[in-house]
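The values are calculated or read from the model by the stated rules, or taken from the named source; none is laboratory data. Because the structure is predicted, anything quoted here is derived from the model rather than measured. Positions of Cβ are backbone-derived with ideal geometry, glycine not excepted, and every protein chain shown enters the neighbour counts. The area values use the complete protein model at the heavy-atom level, side chains included, leaving out ligands, DNA and RNA. Shrake-Rupley method; radii C 1.70, N 1.55, O 1.52, S 1.80 Å.
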Amino acid sequence: MQAPARDTFSQGKPLWSRAQAKPAVEFGPVALPLLLGQIPDELRGSFYRNGPGRLQRSGQLVDHWFDGDGGILGVHFTDAGATGIYRYVQTQYLQAEESADQYLYTGYGQLPPGPLWKRWGTELKNAANTSVLALPDKLLALWEGGNPHALDLETLETQGLDNLGILQTNQPYSAHPKQDPQTGDLFNFGVVSGAKSYIQIYRSNASGQIQQQSQIPLPRISLVHDFVLAGPYLIFLVPPLALSVVPALLSIQSFSDALRWQPQHGTQIIVIDRHTLNEVSRIETNPWFQWHFGNGYQAADGTLIIDYVRYNNFDTNQWLKEFVTGSPMTQVSAKLSRLQIDINAGKVLSNDPLSDLECEFPTVAPHTVGQHHDSLFFCHKSPPKNDEYFNSIGRLSPNSGQVDQAIFTKGSYPTEPIYVPSSDGSGWILTVVFNGNKDQSTVQILQADNLAAGPICILELPEIIPFSFHGTWKSR
């Protein structure tokens, strides 16, 4: 059975759904033509993005956005201009399913085909589809349930699984590492689920080789997607989720469907000393859910400040499941919030919205990670938002509350903003934008300190890039 044509899939659906209607097509390396403006003279390096490039096979949609096969976009900026390349991460799972032309494995929200008794013990698929980490000699495609895949920085050729020196096979390594801009140290984690569930914490050198590990116990099998570096601490917020173990073990339900929202447990805040990787404090507080953090730091008075995107419950997971159909029905609300903690007293001082804007994918300038930040960048939904994906990129000053926005033309949808530093301190924001009116993807460059002025440069990509999750910049 052939995959549905883009116009058939998207009929009666919002324009953004056209980005997801067909599997991404590999291309490049190819020179990217300018549609607007000029590439800044100082902008030299590589822009990478990772996300689910294939959401269907033989006419069957994946059951959750998190289960699509990872596809990497690379845009290399040199004195000769910009060159684009797109490649699927050639995992062993993608290759096997390509050969069989059907889904074969268990995923986050996906169950393998066939009767129940054939599903038991089916291998978990490493989709390599969530984020990227650019190391000096390789690019890592990250997926939080297993080892990263190493790729060539220029060609994006898949080199295979990478154990970073000591990882065991299938040992989890999350998609949200944090790098200290002063020391170059990389921090990351993985959640290990079993009879005893725990967070495995890693400290690596700037080359990615793991130097130190520790284990922090979890109260139950939950979902911890991200964490934050805040001065001398690593902070984990454990939401009140619990896995219904029997349905998951018997493959009656996927991991996603077997997660239960249990607000009576509240959210648990775990504070870790970044030097020893030992637990310093554990605080119980009111329930909420979060996928992503913007940043964190320690204020002059010792208070820990954490900026993150807050959901009141776990309905976001259902929205992400429905997203692959192009017609999500579940209503969700996510707002930038600021959590303030007194770790000496072991209590939450405040936990309030920073803005009323509906947003996700918060980022900061890399040189401010773990330190005080003046700006938070994010994707935002501008009204009307009932059937819209993100149509704006915003910048919020947490101190003043001032917001600067780049609102794209109707039917155009940006991805997570990536900050690139400039010598004058103003910086640029890079994003990939899908235009549903033209069935066209572009790379757009904006001035970080003047988003409202719109893009200063637009580069045309030769194929549609399905919406991706996360990206990074690597200077030359």
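What to note about this one:
Yes/no matrix, rows are residues, columns are (1) under 20 Å from the mean Cα position of the chain (by Cα); (2) open to solvent by less than 10 Å² (accessible area, probe 1.4 Å); (3) at positive phi; (4) touching a residue at least 40 places away in the same chain (Cβ under 8 Å):
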{"position": "277", "(1), (2), (3), (4)": "no, yes, yes, yes"}
{"position": "280", "(1), (2), (3), (4)": "no, no, no, yes"}
{"position": "284", "(1), (2), (3), (4)": "no, no, no, no"}
{"position": "302", "(1), (2), (3), (4)": "no, no, yes, yes"}
{"position": "306", "(1), (2), (3), (4)": "yes, yes, no, yes"}
{"position": "333", "(1), (2), (3), (4)": "yes, no, no, no"}
{"position": "355", "(1), (2), (3), (4)": "no, no, no, yes"}
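- On inspection, residue 87 passes the criterion of being under 28 Å from residue 102 (Cα atoms), outside any loop (DSSP other than H, G, I, E, B) and out of contact with any Ser or Thr (no Cβ under 7 Å at 6 or more places or on another chain).
- Residue 357 in contact with a Gly (Cβ under 9 Å, 6 or more places away or on another chain) and either among the aliphatic types (A, V, I, L, M) or part of a strand (DSSP E or B) (or both): yes
- Matching residues in segment 187-213 - criterion: being within 20 Å of residue 473 (Cα to Cα), touching a residue at least 40 places away in the same chain (Cβ under 8 Å) and in a strand (DSSP E or B): 187, 204
- Residues in segment 445-469 that are more than 14 Å from residue 74 (Cα to Cα) and in a strand (DSSP E or B): 445, 446, 447, 457, 458.
- Segments classed as strands (runs of 3 or more DSSP E), wholly inside segment 228-332, with at least 3 members that are among the β-branched types (Val, Ile, Thr): 267-273, 279-285, 304-310
- Some residue of segment 339-346 being crowded, with 18+ Cβ neighbours inside 10 Å and within 17 Å of the chain's Cα centre (by Cα): no
- Among (1) touching a strand residue (DSSP E or B) at 6+ places or on another chain (Cβ under 6 Å); (2) open to solvent by 40 Å² or more (accessible area, probe 1.4 Å); (3) at positive phi; (4) of a type outside the set (D, E, K, R), the one test that residue 231 misses: (2)
- Residue within segment 105-116 that is part of a loop (DSSP other than H, G, I, E, B), of a type in the set (Gly, Ala, Ser) and closer than 15 Å to residue 49 by Cα present: no
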